[in-house]
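Asker: Take a look at this one; I'll ask things after.
The values are calculated or read from the model by the stated rules, or taken from the named source; none is laboratory data. It should be emphasised that the depicted structure is a prediction, and the values quoted were computed from it without experimental measurement. Positions of Cβ are backbone-derived with ideal geometry, glycine not excepted, and every protein chain shown enters the neighbour counts. Protein only, heavy atoms only, side chains kept; ligands, DNA and RNA dropped before computing areas. Shrake-Rupley method; radii C 1.70, N 1.55, O 1.52, S 1.80 Å.
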Amino acid sequence: MKNNFLRWPKVLIVLVACATVGACHVPPKPSPPTLTTTAPLDGIPSSNADWPRRDWWTRYNDDDLNAIESLALAKSPDLAVAQARFNEASRAIDVARANAGVTLDGNVQVQRERLSESGLIPPKFLGFTWYNEGDIGAQFKYDFDFWGSHRAEIAASVDRTHAAAAERETAATMLNAALADSYFNWQLDMAHIGFSNESMALEQKIRSIADARVQHGLDPEDILQQADAEIAAMREDIATFTWAAQMRRAAIAALIGISPSELPEFHARPLPAFVGALPASAALDLIARRPEVQASRWRVEAAVRDIDVARAAFYPDVSIAAMVGLSSIDLGKLFQAGSRVFDAGPALHLPIFEGGRLEARYGSSQAALDSAIADYNKAVIDAAHDAANQALTLAQIQARRTERAGQIASAQRLYQSSLSRGKRGLTDARAEYNASIELIRQHDADTQLIAAGLSAEIALTKALGGGYVVDDTDNNNKSLGAVQP
């Protein structure tokens, strides 16, 4: 027993020597990547606007919109795909944790074997050619993971799960925005139909007056043809917008993943006002509120952990294994004490020459990290540009509405003037009807600007993350320790 005890220092010396030899060609640990913490939004006007809430569409107080958004969150195939990817990433954590734990296997085996008559021990010396062999055993193995390979694998799986969760939020944000934009365009189509019907009714009155004047020889017949052309054009507009409205419903149904007949009924109503603007803290907080940026960040974290795994492969792998069981060529004696077998001991795997595989794997991991960092930096710049463009678009539309208000006021004064002249008998009703049609056209044009403003506001909401906020506990998670912002 004393001799066995004296051998252990020698074994340890051998292990240390092997570890030293194996570590001689380990690549140096890379410096933590530096990631951007602010979005480049210099020079873009901001305001005291609030960041979007997760259910931002409810601010429009539209029950129909709320209904289709809720339906989409429950049934959308796009969200189902994103959820499946998240579930897959979550299961990868379980796999990584299982690989890092203790391995305990059981084995039961019964075999009927025949000895070769030309073998090392001919059967005639044993007295039999065929025999049975039974084995029952349990094998235990534990990898000490001195270099943190398994821990890094688990951390990388956790990071990829966070990335998948952020990607799921990206899919939800894009879906919510697409639905709201399509819905308000449906409302715009219905507004166009209403304006066209009003204008056509007035144009028909103008035609009636023109017909009477032609019949009495007061006007040429060309006036009547012109009125018919105007009415035909308005009917074409009504048909166009009617079909467009049906296509909007079909598009909304496709986004949700149902047939148009399953959609709830929509009710035409005036478009709501838009007031979107960049929050004052957009440059500082935008990165934490864009789910696709956060997904890129988590992929950087996972890539850092993959490098840790690749570096750990250069070091010797130390494990301990044991086996206990029963073995006998006489099945009747298999469960007797004399059939017991046992072995135990340490194992060392030393990667001395791997044909360049370890270096190639490490180089691939480094390239993947560089790619992930580049993707992250691009995601930050794209997010800033997206938010800036939508904010500037909103400002432009608001300026155009101010100018449009002047045109509406002029059209209103023209209508009042024609109405006054008609009451005094200075003109017939056509002047009043034409002025009313022009006023309707101005209101129609303003409604288009409102719809464009809503579309830009929805796009800005999406650009601001759609209500997503990265969890601070995730940002402070231990798996983020390798990345210094």
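Asker: Return the carbon/sulfur percentage of the accessible area of the stretch 379-472, one whole number, probe 1.4 Å, all protein chains in place.
Answerer: 48 percent
Asker: How large is ³J(HN,Hα) for each residue in the stretch 287-292, as worked out from phi by the Karplus curve 6.51 cos²θ - 1.76 cosθ + 1.60 (θ = phi - 60°), to whole Hz, x for Gly and Pro?
Answerer: For the stretch 287-292, the Karplus-derived couplings read 4, 6, 10, 9, x, 5 Hz, x marking Gly and Pro.
Asker: Sticking with this structure for a sec: With a probe of 1.4 Å, find how much accessible area the stretch 205-266 has per residue, and write the answer as a whole number in Å².
Answerer: 61 Å²
Asker: Aspartates and glutamates within cross-link reach of K29: Cα-Cα under 14 Å, excluding same-chain residues under 8 positions apart?
Answerer: List returned: D306, D308, E359.
Asker: Whole Å is fine, so just give me how far the alpha carbon centre of the stretch 253-268 lies from that of the stretch 393-435.
Answerer: Using only Cα atoms to place each centre, the spacing works out to 38 Å.
Asker: With a sphere of radius 14 Å drawn around the Cβ of Q398, what net charge do the other residues whose Cβ falls strictly inside it have (Lys, Arg +1; Asp, Glu -1)?
Answerer: Value of the local net charge: 0.
Asker: Same structure, new question: Considering every pair of different Cα atoms, what Kirkwood radius, in Å, is found for the stretch 399-445?
Answerer: After inverting the mean inverse Cα-Cα distance, the result is 10.9 Å.
Asker: Within the set of other residues whose C-beta is less than 13 Å from the C-beta of R421, count the net charge using Lys and Arg as +1 and Asp and Glu as -1.
Answerer: +2
Asker: Another question, then. Rounded to the nearest 0.05, what FRET efficiency do N87 and D382 have when you use their Cβ-Cβ distance and R0 = 35 Å?
Answerer: 0.80
Asker: Moving on. Report the extension gain between E236 and Q412 in nm, rounded to one decimal, defined as 0.36 nm multiplied by the number of residues separating them, less their alpha carbon distance.
Answerer: 60.7 nm
Asker: Just to be sure I understand the curve: with the Debye formula and one point per C-alpha of the stretch 146-203, what is log10 I(q)/I(0) at q = 0.19, 0.22, 0.23 Å⁻¹?
Answerer: -0.78, -0.86, -0.88
Asker: Give, in whole angstrom and from largest to smallest, the semi-axes √(5λ) of the equivalent ellipsoid of the stretch 178-220, with λ running over the eigenvalues of the Cα gyration tensor.
Answerer: Calculated on Cα positions only, the semi-axes equal 39, 6, 4 Å.
Asker: Identify all aspartates and glutamates with a Cα-Cα distance to K205 below 14 Å; exclude those on the same chain that are fewer than 8 residues away in sequence.
Answerer: By straight Cα distance, K205 reaches D228, E230, D428, E432.
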